[in-house]
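Coordinate-derived values only; no laboratory data. Worth saying up front: this structure is predicted, and the values here are computed from it rather than measured. No Cβ is skipped: glycine too gets one built from the backbone with ideal geometry, and neighbour counts run over all protein chains shown.
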């Protein structure tokens, strides 16, 4: 048989832009994006994206040009995921937690043509642009991006920054414009910056094909049915919300935008919009679990949570269930996008809850959209046996990451997994948060050091739990060499993201700057860039 | 930004073979294929496919060589969907309802290298091969395929046909063989023959990429969760079971094989294996609904049915629900594979049951894996307004096919849809089956003629419903010009597929041979080839 000839009738480049076109046609009158008093239907979202795409062309955005944006999870950021590629450009959603130096580095490295800035991040953006001007004025290649302000859509602040305001661009664009037609599914659609812990941010390019397949993979792996109501608790600047910025359109869903992931705002939106799905890191579990009574709202039907960034501790999983949250564990990285889902198997339904939590803490299996998953030796790139130290593939094919290689603490020749140790610390009834790092030790080379946030007791006190109690607890549960030599306990009054502890760790214990106090991929990223 | 370079780390050809590899790893001990007393796990299925692929190489199967098979829905046919492409070949599952002439045409046209034949179809295969020899002996290009018998795996009949038996090939193959590696996702994986109503069969080539995307599209459109138990009521020779021959592996499902779609066998397997999903044409609804009491089994949890080939009549939909069947309508064609699914929308949940049935009878919307769906004028290939006569796209984007163009009856200049007329006939409480064709008419040019199978009344009689009753019924429901001028009523004792009536129609009424008594795509195919 001969090779098939490709033609328009049998070959179309894969692109998630078609998800939006399809949603506008099929779910045209259904809510697409909701944010406080702002509501759009899929037909409106499509039209707004066409208008914005048209306006972007007046900035001379051409194929493969980068459009950067610094914004929280607001409707504008969602729309830009379609509008920018519909103008032929590449969207670059910048982590809002970065410092001006890193933002400047990203703008310079990506050669961004346009820079959209939410009104809350004007100062950060201004500083970044100043750094660019200062450092680049000595070179001949000074190219500053055009700047567009994204003001509050409901109550404009009137902030003055840049040449245009977002809604102005939407209004002036022609909704009848013909969007850029994807010629090659390998064309870039998004640029996401990640980093190790010490290096400059690294750019990762996503193609139309890649995010099309990634979206379908996560939809199937998570078993997301049609018309989900999706709460944007996961920042869109993390792998474009694990590619769900496009995926929600594929399912005709409703995007519930969220400026801040406070307990009150999350519960309010979940109850008000009957949220069915959300994604987050385990740290958000703490925010939900520790909410004050007046911040909570009853959840009428189960909310599916896809959790990633760090394995969800068993103790948290068991507490989330009674509140109405059904957790699935997922794993990915900026370089790949969503990759693994810990797909639940019916045979596990009758296991004791502790075993279920252990199984669910595993990173899982490759989605159907990812061809292969393996653990290799970094030096030789040869597959290791399925019982490797850092990444373990269980006999059932599910991957468990015991630790990131740089988080392994080597104490007297013994490898200690900071994640394993953290998971024991989490099992302590009074531990709210736990983070383990390596500290230098004159005898053992390195020793584990724990940072802990302690929950209040019934008398409102948290200082009754001492370092010695924690160390004694670990001695009962762990081999001697794994027990932390130091444990810094503090009040769990204020929920602090784990990564905020890194400076403390460095100051107090002189910890190696190549290690961070958690294997939390996203936390680590943010941490490294702070 | 520059174009991305493709490399092994970021680009892998799409192929459904990976579904099997993944199922073997993740669902290794789960039931993959069940047929009566035969049970395989996914690990076993993978090993058997590797063995068969290895054996196929001894037939010198190389890239793009065709392997034909004539078999019902048995484990061997399922395995061949993976084993043949794992040897680099192209699977060609032949419709078992064809006559020897057509089978010979397909074998010749596809230049099949190997021909697998189930023991029940030895006579058909033998005749086809004889036709090939006779007609080809005069040409110099006589290439007969090697023949492999597929005997009954549980109770071998000892039939002697061909050089090998299927299980022999599985046994002698090396399970450690390295399967053919797909170099280009555009490589062919399957060859399916279809036809219009008068022409020779036409070959349709499916690529690895095409069936990969098609499978994911139908999984998402049908909302098929993981670990389905799938009853093979739809022949695998129809678009490879609407690509689900591969799709079930993608979901780690269990394939319940079925040699014959009798009511008894279907109910027995549904109850025994707790079937969750099945596909079929509406004719199978009749088989299930008209089952005798001793053939029925109670259905403990809902069975999802994807129905295609013809719009499901409202009257049947309403009867299926109480039995435990939840119906979704789908539309496809051999040239495309599964294309549309009538995705249910929450806003329809509160509509009256009659409106729901009308909505569900629409062909639906393109799956996320299909970029575009449209209705065009055949002569100009220009899109028609969304209110076209034959294909209608409703304002909500859902397609309804009023009729196939060749089934439209033109009577005195008025277009009459045979499908619309059939749907009115189906609403008659005593009509079991209805088929409408055009008959020549001296005044009107053409007139509708109905063929009806009548259900028995409480006294076991069906001859109390006369032609005049049917015509009177239609007069009450339809404009005068649409009422059938003739209605042939017969007993509904024996369930007969609609297409079996075609010869009657031709003989009795001299109906145009370009029309068939149903818009049923699969029935039509079979009909045309008989």
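Taking R0 as 25 Å, what's the FRET efficiency between residue B:157 and residue B:202 from their Cβ-Cβ distance, rounded to 0.05?
Approximately 0.15, to the nearest 0.05.
At 7 Å along the Cα-to-beta-carbon direction for both residue A:168 and residue A:472, put a label point, then send me their distance in nm to one decimal.
Each label point is offset 7 Å from its Cα along the Cβ direction, giving 6.6 nm.
Between residue B:109 and the same site in the other copies, what are the distances in nm, shortest first, taking label points 7 Å from Cα along the C-beta direction?
Listed shortest first, these distances are 5.6 nm.
Gap in Å between the Cα centre of segment B:406-429 and the Cα centre of segment B:292-354?
A separation of 23 Å, based on Cα centres.
Enter the Cα centre distance for the pair segment A:219-269 and segment B:202-280, rounded to the nearest angstrom.
31 Å
How large is log10 of I(q)/I(0) for segment B:322-389 at q = 0.13 Å⁻¹ when the intensity is taken from the Debye formula with one equal scatterer per alpha-carbon?
-0.50
For chain A, what's the radius of gyration and Dmax over Cα atoms, in angstrom?
Reported Rg and Dmax, both Å: 23.7, 79.
Once a ≥ b ≥ c are taken as the square roots of the eigenvalues of the Cα gyration tensor of segment A:65-203, is the result rounded (a/c under 1.5), prolate (a/b larger than b/c) or oblate (a/b not larger than b/c)?
It is oblate, given that a/c is not under 1.5 and a/b is not larger than b/c.
Using alpha carbons only, how many degrees (0 to 90, rounded to 10) separate the axis of helix B:467-477 from the longest principal axis of chain B?
Helix B:467-477 sits at roughly 80 degrees to that axis.
Got the relative contact order for chain A handy, in percent, Cα pairs under 8 Å and 6 or more residues apart?
12 percent
Which value in Å is the Kirkwood Rh of segment B:260-401 over different Cα pairs?
Its Kirkwood hydrodynamic radius stands at 16.5 Å.
What per residue convex hull volume, in Å³, do the alpha-carbon atoms of the protein assembly as shown yield?
So the per-residue hull volume is 205 Å³.
Could you give, in nm with one decimal, how far residue B:323 is from each other copy of that position, shortest first, with labels 7 Å out from Cα toward Cβ?
So the label point of residue B:323 gives 4.6 nm to the other copies.
For chains B and A related by rotation, which residue of B has the Cβ nearest the axis, and what is the rounded distance in Å?
B:216, 3
Sorted from shortest, what are the nm distances separating the label point of residue B:456 from equivalent points in the other copies, each placed 7 Å from Cα along Cα to C-beta?
Label-point separations across copies, in nm and ascending: 7.8.
Decide, for segment A:343-430, between rounded, prolate and oblate: order the square roots of the alpha carbon gyration tensor eigenvalues as a ≥ b ≥ c, take rounded if a/c falls under 1.5, and otherwise choose prolate if a/b is larger than b/c, else oblate.
Oblate, since a/c reaches 1.5 and b/c is not below a/b.
Classify segment B:33-84 from the C-alpha gyration tensor, please: rounded if a/c falls under 1.5, else prolate or oblate depending on whether a/b exceeds b/c.
Oblate shape, in that a/c is at least 1.5 and b/c is the bigger or equal ratio.
So for chain B: antiparallel DSSP bridges make up what percent, rounded to the nearest 5?
If we restrict to bridges inside chain B, about 50 percent are antiparallel.
How many nm is it between the label spots at residue A:379 and residue B:58, if each spot is 7 Å from the Cα in line with the beta carbon?
4.5 nm
Just how far, in whole angstrom, is segment B:1-41 from segment B:46-78 if you go by their alpha carbon centroids?
17 Å
Between the helical axis of B:263-273 and the dominant principal axis of chain B, each derived from Cα atoms, what acute angle in degrees is found, rounded to the nearest 10?
Helix B:263-273 sits roughly 50 degrees off the main axis of chain B.
Rounded to the nearest 500, what is the 222 nm mean residue ellipticity of chain B from helices alone, with -39500 (n - 2.57) per DSSP H run of 4+ residues and division by all residues?
Rounded to the nearest 500, it is -9500 deg cm²/dmol.
Taking the simple approach of a point 7 Å from Cα along Cα-to-Cβ for both residue A:443 and residue A:295, what is their distance in nm?
4.3 nm
Length gain on complete extension for the stretch residue A:358 to residue A:274, per 0.36 nm per residue less the alpha carbon to alpha carbon distance?
Result for the pair: 27.3 nm of gain on full extension.
Of all beta bridges DSSP finds with both residues in the protein assembly as shown, what is the antiparallel percent, to the nearest 5?
In the protein assembly as shown, DSSP labels about 50 percent of beta bridges as antiparallel.
Can you give the angle from 0 to 90° between the axis of helix B:314-323 and the longest principal axis of chain B, with both taken from C-alpha atoms, to the nearest 10?
60 degrees
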